[in-house]
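The values are calculated or read from the model by the stated rules, or taken from the named source; none is laboratory data. Everything numeric in this text was worked out from a predicted model, so none of it was measured. Using ideal geometry, Cβ is built from the backbone for each residue, glycine included, and neighbour counts are taken over all protein chains shown. Ligands, DNA and RNA are stripped out before the accessible areas are found, and what is left, the full protein with its side chains, is counted by its heavy atoms. Shrake-Rupley method; radii C 1.70, N 1.55, O 1.52, S 1.80 Å.
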Amino acid sequence: MIVIGLFLAGLVLALKELVPWAMAQTSGQIRTRGHSRQVIRRADDPERFRSLSRNRIKASGLGIVIMLAAIGITIGQMAIAIANEAARFAATP
């Protein structure tokens, strides 16, 4: 159950940043984070738009790492279960 929770938490953390990034790439405008949100248009300020887009990608990294950890734990548990079954099968006369 903890692995499922880890995966879902990572998914939420990643999508929280990746969905606004994808919307910004298609629409050409991105919103800043914080109390007084501003709209930055790519045509008006391309350098700041690129910087904010880069920050969104970097911020999604933690969620992606958490999801990869959950996938790694799952694969490890499956490998251990297969090894245990193989050992039990080999020990059976």
Heavy-atom surface of the chain, accessible at 1.4 Å and reported per residue (Å²)
73
Treating only Lys and Arg (+1) and Asp and Glu (-1) as charged, each at its beta carbon, one finds that region 1-78 has a dipole about its Cα centre, in Debye to the nearest 20, of 260
Based on the mean of other Cβ atoms within 10 Å per residue, sort peptides 5-18, 79-92 so the most packed one is first.
5-18, 79-92
From DSSP H assignment alone, runs of 4+ in the chain each adding -39500 (n - 2.57), the sum over residues rounded to the nearest 500 puts [θ] at 222 nm at -27000 deg cm²/dmol
May I ask you to compute the full-extension gain from ALA83 to LEU62, defined as 0.36 nm times their residue separation minus their alpha-carbon distance, rounded to one decimal in nm?
4.4 nm
To the nearest 0.05, the calculated FRET efficiency linking GLN29 and LEU8 through their beta-carbon distance, R0 being 22 Å, is 0.15
0 to 90° range, to nearest 10: angle between helix 46-59 axis and the chain longest Cα axis
20
Which one, (i) -0.98, -1.14, -1.28; (ii) -0.83, -0.96, -1.08; (iii) -0.97, -1.05, -1.12, gives log10 I(q)/I(0) by the Debye sum over Cα atoms at q = 0.18, 0.21, 0.24 Å⁻¹ as derived from the coordinates shown?
(ii)
